[in-house]
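Take a look at the structure below.
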Amino acid sequence: MNTIIYTSVLGFFCMLAEILNLRKLIVPVLVLGLAVIFGLNLNDWNLNQSYYNNMLHVDNFSVAFGGLAIFVTLMVFILSTDFYGSNNYHISDYMSILTFILVGALMMFSFSNLTMMFLGIETLSIAMYVMAGSKRFDIRSNEAGFKYFLMGSFASCFLLFGIALIYGTTGSFDLGKIAEYTIQNQGNISPLFYTGMVLMVFAMLFKVSAAPFHFWAPDVYEGAPALITAYMSTLVKIAAFAAFYKIMSATFFYTSEKVELVLMAATILTLLVGNLIALAQSNFKRLLAYSGISHAGYMMLVILSAKNQPAGALFYYSLAYSLSTLAAFAIAIPMFKSAGTEDISAFNGLSKKNPLAAAAMSMAMLGLAGIPPFAGFLGKYYIFTEALQSEYFYTTLLAICCSMVGVYYYFKVIIAMYGKPANEVKYESTFNFNLVLWVCLGLSLLIGLNPAPILNIF
Amino acid sequence: MLSLTLLSIPLIASLLLLFTRGGLSRNLALVFTLLQLGFTVYAYQVFKTEGAAPFDLLRNWSAKPFLNVHFSMDGMSLLMVILTNLLLPLIVLSGYNRETERPHLFYSLMLFMQFALNGVFMAFDGFVYYIFWELALIPIYFISFVWGGENRAQITLKFFIYTLVGSLLMLFGFLFLYNGSPAHSLDWASMVLNKSCSCNQTWLFWLFFVAFAIKIPIIPFHTWQPDTYKTAPTQGTMLLSGIMLKMGTYSLIRWLLPIVPNGVMEWQPLVITLCVVGVVYASIIAIMQRDLKKLLAYSSIAHVGLISAGIFALNLSGLQGSLVQMFAHGINVVGLFFCADIIFNRTCNGNVEGIGGIRLLAPQFSTWFMVVVLGSVALPLTNGFVGEFMLLYGVYEYHTWLSVVAGLTIILGAVYMLRMYQKVVLGKAVMENLVFPDLMWNEKVVLITIGILIFVTGLFPAPIIELTEPVLKTIINK
């Protein structure tokens with residue numbers, strides 16, 4: 001709870017800093033502040049307390065995911081000093097909006113009331129719409145922001161409508177009360193409840209960019225500024241999945257036979273769409289967008305097997321995925337800046353110009369492809385065991401086949417770096433980018449080799 | 001803890017090499033591979049006196065999902081570890097008179113490969129085994145891709161995806177076993193001892209078999225192999241054909257036979273026929289080949305086809321023969337590819353019919369090349385003979401006519417190998433102004449060592465048979 005309040009305070013500080021002419025202080029204060037909040041957040045471990053008439057509930061789940069979200073944000077803030085270096089003028093706006101995205105995410109981890117979840121999702125989404133369109137003079141960025149906003153508000157409507165229907169049948173927004181209702185009325189649950197549930201599932205599928213609600217993702221990822229894409233593909237996805245998992249595991253699994261089919265169809269479709277369309281991409285950001293969709297497919301397996309309470313698998317996978325993705329962006333952003341293009345061809349011959357960066361990029365790609373010893377492999381392994389334990393036999397087999405397809409497109413980047421003749425672009429990175437890069441890769445390797453502390457976190 | 005040392009020497013070396021440059025990295029790689037070889041000899045002594053106990057290492061890795069790290073050693077593992085660590089110094093040494101771009105990276109990857117291979121052979125837990133199996137794929141992919149020849153991007157990617165398809169199927173198999181077993185354990189001993197898996201082994205067999213069959217490769221899963229062998233740099237090809245391919249045959253014995261015995265029994269007729277047909281098919285293609293490296297690649301498919309046929313005969317002589325032949329083939333094929341590389345390097349010509357006349361220019365090379373060729377056509381007294389004899393005997397015990405067909409490999413092998421030797425080395429030079437300097441010092445060391453090994457293991461195969469007998473008996477009894 002404290003984390004949410006302090007993070008909001010940080011966001012307000014950014015806005016005030018503009019007025020008080022403290023612009024230079026913004027990034028250092030934010031980084032320091034977030035580090036402190038990270039510590040405060042961990043302090044809540046094993047606290048298990050409810051706030052405000054059970055609107056928020058802080059438990060280990062919310063603390064763990066909150067820690068991950070704060071870490072990701074911290075990394076993005078470290079990158080943003082160099083990313084926004086050229087147009088310093090707006091930095092306070094950007095930073096405060098980014099901070100409020102984190103606030104929204106933190107609410108999505110710790111809600112125990114559907115209104116709170118809606119507030120969290122909206123805080124996060126509205127801030128994200130603005131950020132997607134934050135490159136004001138770039139038409140693609142405008143398109144991205146607008147598209148994301150239109151589609152996102154539709155999804156929010158669905159969510160709200162779903163919540164309303166559920167409220168209508170159960171008489172409460174509270175997750176515990178809704179679960180109680182489904183247990184007590186087993187067998188004669190009102191059809192309106194199912195309608196509401198399916199509407200909510202649709203909205204959540206949109207937020208996690210699962211097929212068939214994924215169409216916004218490639219365009220928005222491509223159009224948004226690269227740093228925002230990095231933030232969107234890590235934090236927003238994790239937050240949406242955590243919230244999705246939370247509702248599924250808290251309320252819906254008592255009645256899951258009806259929803260199961262919908263979820264299963266979405267999972268299969270997401271796996272296929274994400275992996276197969278990614279094969280044809282030549283733009284790096286679009287590639288990562290489709291790769292994000294395919295990773296959503298794997299994480300959907302966790303949602304499917306939510307009755308086993310596999311929160312550990314979801315957390316480990318989210319961590320592994322965001323570490324590799326952040327590392328990939330920490331190389332890609334400076335690369336794009338000097339190449340002037342966001343095509344995979346920007347990486348051509350990187351191994352000759354800068355072997356270290358090429359090796360790091362390969363590690364990130366191998367991590368995303370799920371090849372040991374990187375964390376991505378164990379994450380997949382864990383998810384697949386959970387899915388098999390819930391007897392999703394063919395879906396798991398399909399997911400395994402899809403990870404095979406995944407190797408092909410991740411290796412396209414590796415092949416460009418090692419096999420293609422070098423282009424004339426110079427790769428120039430800064431200290432901050434390298435810092436984020438090696439912290440992420442190091443952690444990815446570390447939790448890949450010593451997974452026990454993270455796997456058994458819950 | 002000895003197993004840990006065997007793993008850490010190459011790993012540390014591979015990390016260390018990243019910080020060296022130029023000739024130093026090559027020398028350092030040689031020093032470390034020799035050190036590893038020395039340590040392997042020591043390990044062999046320890047194993048003979050004290051058995052597996054000093055090698056055993058069992059640690060819990062994670063509680064949920066329940067995963068263990070388990071390294072151990074038995075006769076079969078030791079044999080493969082010896083093969084790996086024996087060949088590595090030779091492979092490093094064979095690159096001494098070649099210029100390699102970015103040698104520190106090249107040799108670092110090579111030592112990393114050695115680390116992974118040692119891990120594959122010493123892993124006694126399915127999960128650890130899988131990780132090392134995958135780890136071995138990464139360095140060899142980069143070696144073949146970065147230092148490879150024409151069309152390397154497509155060919156090596158095909159290789160990678162092909163083998164990864166197999167690996168992932170195997171992963172699914174392991175996951176399934178993991179969920180099926182009551183203790184949620186993938187430990188080798190527990191999987192062999194309790195006949196727990198009453199599940200449907202009919203298709204479980206294929207999950208594992210396809211993974212191994214791709215690596216070996218058994219026809220029809222071989223299409224990645226000839227191109228990859230041709231494109232990869234010679235040292236990479238040596239690693240691939242000499243050791244990595246043995247991962248597949250080793251895993252057949254170590255994992256496939258004991259884990260899904262019923263599945264194996266069920267599919268035995270089909271698979272063994274597939275292997276034997278593969279032997280003949282690959283031999284015939286080898287006869288038609290004009291490209292030296294591809295010829296050797298197909299001959300390799302024929303040989304490993306026979307090895308797998310011997311394994312699937314499911315009797316002691318077949319299994320023993322396969323292990324002897326795995327050891328022998330590892331040595332021979334490295335020798336063959338090295339000779340092919342020497343020829344290609346000096347004539348810049350890979351066409352069998354386009355060379356000729358080397359005998360007069362390089363008598364020493366021709367002699368040692370002959371020794372290696374004889375070893376691989378299984379002349380009595382060479383290492384190839386013992387293995388092939390036992391393998392054919394094993395297949396004979398299973399089925400008479402099948403062994404007759406498999407026996408063709410000796411004749412066909414002689415046809416393509418000796419014809420190749422004749423065309424390449426003997427006769428008149430086809431190329432004008434052929435300059436062919438005789439062996440350099442490092443080439444001499446490598447080829448003479450291989451030649452000696454061919455005869456020594458041909459004359460005294462008993463230690464190999466004794467070493468592996470207890471394990472094989474446990475597996476057969478299962």
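Annotations for the structure displayed:
- The set of residues in the stretch A:419-441 being within 14 Å of chain B (Cβ to nearest Cβ) and loosely packed, with under 14 Cβ neighbours inside 10 Å consists of A:421, A:422.
- Residue A:399 satisfies every condition listed in (1) within 11 Å of chain B (Cβ to nearest Cβ); (2) more than 18 Å from residue A:268 (Cα to Cα); (3) buried (at least 17 other Cβ atoms within 10 Å of the Cβ) except (2).
- The stretch B:53-64, residues that are closer than 16 Å to residue B:7 by Cα and surrounded by 12 or more Cβ atoms within 10 Å (Cβ to Cβ): B:54, B:55, B:56, B:57, B:58
- Verdict on residue B:409 being among the polar types (S, T, N, Q), at pLDDT below 90 and within 21 Å of the chain's Cα centre (by Cα): yes
- Hits in the stretch B:97-124 (condition: of a type in the set (Ser, Thr, Tyr) and crowded, with 22+ Cβ neighbours inside 10 Å): B:107, B:108
- Total residues in the stretch A:166-187, condition over 29 Å from the mean Cα position of the chain (by Cα), assigned to a helix (DSSP H, G or I) and without any contact (Cβ under 8 Å) to a residue 12 or more places away in the chain: 2
- Annotation note: of A:160, A:165, A:114, A:124, the sole residue that is at pLDDT 90 or above and under 30 Å from residue A:18 (Cα atoms) is A:124.
- Residue A:342 acidic (Asp, Glu) and within 14 Å of chain B (Cβ to nearest Cβ): no
- Some residue of the stretch B:186-209 being more than 23 Å from residue B:313 (Cβ to Cβ), of a type in the set (Lys, Arg) and away from every other protein chain (no Cβ under 14 Å): no
- Selection status of residue A:41, closer than 17 Å to residue A:106 by Cβ and either in a helix (DSSP H, G or I) or over 20 Å from the mean Cα position of the chain (by Cα) (or both): yes
- All positions within the stretch A:143-161 that are among the polar types (S, T, N, Q) and either in contact (Cβ under 8 Å) with a residue 12 or more places away in the chain or under 15 Å from residue A:210 (Cα atoms) (or both): A:156
- Flag if residue B:298 is under 21 Å from residue B:170 (Cβ atoms) and either under 12 Å from the mean Cα position of the chain (by Cα) or of a type in the set (Ser, Thr, Tyr) (or both): no
- Tally, over the stretch A:130-155, of residues that are within 15 Å of residue A:207 (Cβ to Cβ), crowded, with 22+ Cβ neighbours inside 10 Å and of a type in the set (A, V, I, L, M, F, W, C): 1
- Residue among A:320, A:328, A:278, A:296 that is buried (at least 24 other Cβ atoms within 10 Å of the Cβ), more than 26 Å from residue A:124 (Cα to Cα) and not hydroxyl-bearing (Ser, Thr, Tyr): A:278
- Taking every residue in the stretch B:39-62 that is more than 14 Å from every other protein chain (Cβ to nearest Cβ) and under 20 Å from residue B:114 (Cβ atoms) and pairing it with any residue that is of a type in the set (Phe, Trp, Tyr) and in a strand (DSSP E or B), at least 6 positions away or on another chain, the pairs with Cβ-Cβ distances below 9 Å are B:55/B:71; B:57/B:71.
The values are calculated or read from the model by the stated rules, or taken from the named source; none is laboratory data. Predicted, not measured: the structure shown is a model, and the values here were computed from it. Every residue, glycine among them, receives a Cβ derived from its backbone with ideal geometry; neighbour counts consider all protein chains shown.
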